[in-house]
Amino acid sequence: MRAEPISCLRPAPSKAASFASLPYDVFDRSQARSYVTSHPTSFLRIDRPETNFAPEQDMYAPEVYAKAAELLRARAQDGTLLDDRVPCYYLYRLEQGGRAQTGVVCACAVDEYQDGTIRRHENTTAAKEEDRVKHIRATGAQTGPIFLTYPDNVALDALVKAASCATPLYDFTDGQGVRQTVWRVARPAAVEAFRATFATVPHAYVADGHHRAASAVRVGVERRRARTDDGERASDLFLAVLFPASQLKVLAYNRVVVGLNGHSPRQLMDLMRQAGHVVGTSAPVASVPSEHGRVGMYLDGAWHELELSQADVNPADPVSRLDAQVLQESVLAPLLGIDDPRTSERIRFVGGIEGSGRLEELAGPEGVAFSLYPTSVDELMVVSDAGLLMPPKSTWFEPKLRSGLFIRCI
C-alpha cells in the first residue's frame, strides 16, 4: 500500500498542548461550545466553527464554514501554526494507563480507499459526511487524521523504534491524562525506508474516522474530475495515522434504549427467554461481560447477565457472530422496535470510558441499557476482509487521536 510523507501546518512546539483538541465528533453541540469557552485557543474552534456563533445559528450554513477558513488562516499568520513544507513522516505516540501505541502520520491514496486496499467496516451517514466535505472545501485542508491499522510488521516496528530514539518534536500530557509524543522523520534515507516498507503491507483498515475518510475521498474525487491533466495532486491523498494492530485497545460500545416498546420489564425478560436468551438473576452492581456471548443488561433498577442465544449465528458469516449483531437482530429490533439503529432516535450509543457508571443514569427507570464485551481488532479485520459491514457503533478506540497537530493543505 502507499503511505506517503506529508507537508503540513503544525503548531509551534510551545502552542501544541493548548492548540490540539479531541476530535470534533466526540462532542455534541453544547459540549463543543463549553469546551471552546474554556479552551479558547484550541483547534476545536476551527473544527467546530459553529461555536463562534450564537447557539441558534444554523451550524451548516456557509458562513460557519467560512469562519473555519478565516480562523485557520489567522492561526497560520499569528505564529500558532508553522508551515512545514519538507515532506516527511511523523511518529505519533499516545500513552495512557500504562500502555502505548505509536503510529506513522502520512498520506494514503484515495485510489486505494476506493479499490479496497484500505478496508472499512462501517457505513457513513449522509449528513455527517456532508458536514466534513463542506469543512474541507472551505478550509482547503484535511484537518483530522483518519485512524488506520495494519497487521504487525517487524520491519516497520524496527524503523519506528529507531526513529523514536530522537528528541521529540512535541511531548505533553493532555487534559484526559494521555501523553502525546511526536517525532519528525525527515532524513531522506529514513523517509525512503518508511515508504518502501509500507509498500510491502498489503492492506490497512479504517479503525476510526469513517466519515473523515469518506469526506476526504469525496473531495479528492471531485477535484480530480474538475481538472484536465492526469498528474497527482495533494487531494488525491488523505491524512492518516497508521498503527500496528497489536498495539490497539478496543473498548466496549454500549447501547441505551429509551422505553421498552410497550412492554413491562417482566414481559421483556419473558420475551428474551422465549427467544432463547438466558436472563440471569438481578444484582445491584453493574454486570460487566467477561467474554463474548454475554451482555450486561440494566432494567427496572437492577443489573442482569444476559447470555445471548447463538441459534441464529452462521459460523461462516463473521458479522452474525458479533455480539452487537446478535443483540440487534434478536433483541433490539424484534423486541424493542429499533429497526434501524443508525436513524432511530430511541437508541443512544455510549462508548469507552464515557460509559463507566453512566448507563444506569441514561436508561433511567423506563429504559434499558446493554453493556457489551468489546469487539476485537481481529474481528474488525475479518469482517473488513470479507467485504462486510459491522453494526453501527461496534468499536470504540481509546485513546483518541488529537486534531490540530497535523493539518494537510490540499
Take the stretch 228-265 and flag every residue that is closer than 25 Å to Phe349 by Cα and charged (D, E, K, R). Lys249, Arg255
Here's a check for you: in the stretch 118-147, which residue that is among the aliphatic types (A, V, I, L, M) and either in contact with an Asp or Glu (Cβ under 9 Å, 6 or more places away or on another chain) or farther than 23 Å from Val319 by Cβ (or both) is surrounded by the fewest Cβ atoms within 10 Å (Cβ to Cβ)? Ala127
Which one of these does Leu268 not meet: (1) assigned by TED's automatic domain parsing to the domain that holds Leu336; (2) free of Cβ contacts under 8 Å to residues at least 40 places away in the same chain; (3) of a type outside the set (Gly, Ala, Ser)? (2)
Positions within the stretch 1-39 being of a type in the set (Phe, Trp, Tyr) and touching a residue at least 60 places away in the same chain (Cβ under 8 Å), in sequence order: Phe19, Tyr24
Any idea which of Gly103, Gly98 is within 20 Å of Phe172 (Cβ to Cβ) and loosely packed, with under 14 Cβ neighbours inside 10 Å? Gly98
Is it true that Leu71 is closer than 30 Å to Asn153 by Cβ and of a type outside the set (Val, Ile, Thr)? no
Please enumerate the residues belonging to the stretch 175-187 that are crowded, with 18+ Cβ neighbours inside 10 Å and either within 16 Å of Pro11 (Cα to Cα) or free of Cβ contacts under 8 Å to residues at least 12 places away in the same chain (or both). Gln180, Thr181, Val182, Trp183, Arg184
Of all residues making up the stretch 185-231, the number that are over 20 Å from Ile146 (Cβ atoms) and either of a type outside the set (S, T, N, Q) or under 25 Å from the mean Cα position of the chain (by Cα) (or both): 15
I need the full set of residues from the stretch 341-371 which are crowded, with 21+ Cβ neighbours inside 10 Å and within 25 Å of Asp317 (Cα to Cα), in order please. Phe370, Ser371
One residue is enough: does the stretch 226-233 have a residue meeting the conditions acidic (Asp, Glu) and not in a loop (DSSP other than H, G, I, E, B)? no
Could you list, in sequence order, all residues of the stretch 238-274 that are under 30 Å from Met381 (Cα atoms) and outside any strand (DSSP E or B)? Ala245, Ser246, Gln247, Leu248, Lys249, Ala252
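Rundown of residues vs (1) at negative phi; (2) in contact with a Pro (Cβ under 9 Å, 6 or more places away or on another chain); (3) assigned by TED's automatic domain parsing to the domain that holds His203, yes/no style:
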site: Gly301; (1), (2), (3): no, yes, no
site: Ala333; (1), (2), (3): yes, yes, no
site: Pro341; (1), (2), (3): yes, yes, no
site: Leu362; (1), (2), (3): yes, no, no
site: Ala386; (1), (2), (3): yes, yes, no
Subset of the stretch 198-233, residues under 25 Å from Asp84 (Cα atoms) and surrounded by 19 or more Cβ atoms within 10 Å (Cβ to Cβ), comes to Phe198, Gly209, Arg212, Ala213, Ser215, Ala216, Val217, Val219, Gly220
Take the residues in the stretch 380-396 that are crowded, with 22+ Cβ neighbours inside 10 Å and not aliphatic (A, V, I, L, M); name whichever of them is modelled with the highest pLDDT. Ser384
So Glu222 passes all but one of these: (1) within 30 Å of Gly367 (Cβ to Cβ); (2) charged (D, E, K, R); (3) in contact with a Ser or Thr (Cβ under 9 Å, 6 or more places away or on another chain). Which condition number does it fail? (1)
Is there a residue being acidic (Asp, Glu) and modelled with pLDDT under 95 anywhere in the stretch 59-69? no
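The values are calculated or read from the model by the stated rules, or taken from the named source; none is laboratory data. If you're wondering where the values come from, they're calculated on a predicted model, not measured in any experiment. Please note: Cβ atoms are built from the backbone with ideal geometry, for glycine as well, and neighbour counts cover all protein chains shown.
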